[in-house]
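Participant: Below is one structure. I have some questions about it.
The values are calculated or read from the model by the stated rules, or taken from the named source; none is laboratory data. As the structure is a computational prediction, the values presented were derived from the model and not from experiment. Glycine gets a Cβ as well: all are built from the backbone with ideal geometry, and neighbour counts include every protein chain shown. Accessible surface areas use protein heavy atoms only, side chains included; no ligands, DNA or RNA. Shrake-Rupley method; radii C 1.70, N 1.55, O 1.52, S 1.80 Å.
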Amino acid sequence: NPDARLALLAPTGKAAQRINEAIKAAIAKLKITKPKREQLEKISASTIHRFLGYKYNSPFFKYNENNPLPNDLIVIDEASMVDIALMSKLLKALPPKAALILIGDKNQLSSVEAGAFFGHICTDNNLQNNVINLTKNWRFGADSGIGKLSNLINQGQKLSELKPLFN
């Protein structure tokens, strides 16, 4: 829907910047009309705090259950880094018909604050029909040292068992 009100969010400024860089690079490759390109170039990622309207020295945000967000679709990248308190505030601010897409790696970068909600969602048997596991790694090859190590760890190998493999 070209009229959908989209929000692209990340837990940190650096992650939001990386989303913006990826969008810019992807738009440059598209064979589209100038008006469509200009429309797409308006898309910009934000931190979750900024998007919710962080109020300085306050646990409250501009958007909340009494003042819902004006969006139809919200996409959060690096969702594993979002703590339970911030996610709770975001969920309370969602309008009833909005869609929420969480992107992340349940095995990487859990939140600094309390609550690894993303990992729980990904492993909750009641939610498995709503979870898609991607297996292609775009950061490093499966044959690289870090690729082999992460695959073995994700398969349940203990670090003590892996040490001889990397000597």
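Matching residues to (1) free of Cβ contacts under 8 Å to residues at least 24 places away in the same chain; (2) over 27 Å from residue 128 (Cα atoms); (3) surrounded by fewer than 16 Cβ atoms within 10 Å (Cβ to Cβ):
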| residue | (1), (2), (3) |
| --- | --- |
| 7 | no, no, no |
| 26 | yes, yes, yes |
| 35 | yes, yes, yes |
| 64 | no, yes, yes |
| 82 | no, no, no |
| 92 | no, no, yes |
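Participant: Taking the range 73-98 on its own, how many of its residues are in a loop (DSSP other than H, G, I, E, B) and under 20 Å from residue 6 (Cβ atoms)?
Facilitator: Number satisfying all stated conditions: 8.
Participant: Could you list, in sequence order, the residues of the range 41-72 that are in contact with a strand residue (DSSP E or B) (Cβ under 7 Å, 6 or more places away or on another chain) and in a helix (DSSP H, G or I)?
Facilitator: 48, 51, 52
Participant: How many residues does the range 23-40 hold that are in a helix (DSSP H, G or I) and either farther than 19 Å from residue 73 by Cα or touching a helix residue (DSSP H, G or I) at 6+ places or on another chain (Cβ under 6 Å) (or both)?
Facilitator: Of the residues in the range 23-40, 12 are in a helix (DSSP H, G or I) and either farther than 19 Å from residue 73 by Cα or touching a helix residue (DSSP H, G or I) at 6+ places or on another chain (Cβ under 6 Å) (or both).
Participant: Would you tally the residues in the range 137-158 being at pLDDT below 70 and either among the charged types (D, E, K, R) or open to solvent by 100 Å² or more (accessible area, probe 1.4 Å) (or both)?
Facilitator: Initial filter on the range 137-158 (at pLDDT below 70): 137-142.
Checking which are either among the charged types (D, E, K, R) or open to solvent by 100 Å² or more (accessible area, probe 1.4 Å) (or both) leaves us with 138-139.
Of the residues in that region, 2 qualify.
Participant: Hey, another quick one. In the list 80, 88, 110, which residue meets the criterion of being at pLDDT 80 or above, of a type in the set (S, T, N, Q) and farther than 10 Å from residue 11 by Cβ?
Facilitator: Every option except 88 fails the conditions.
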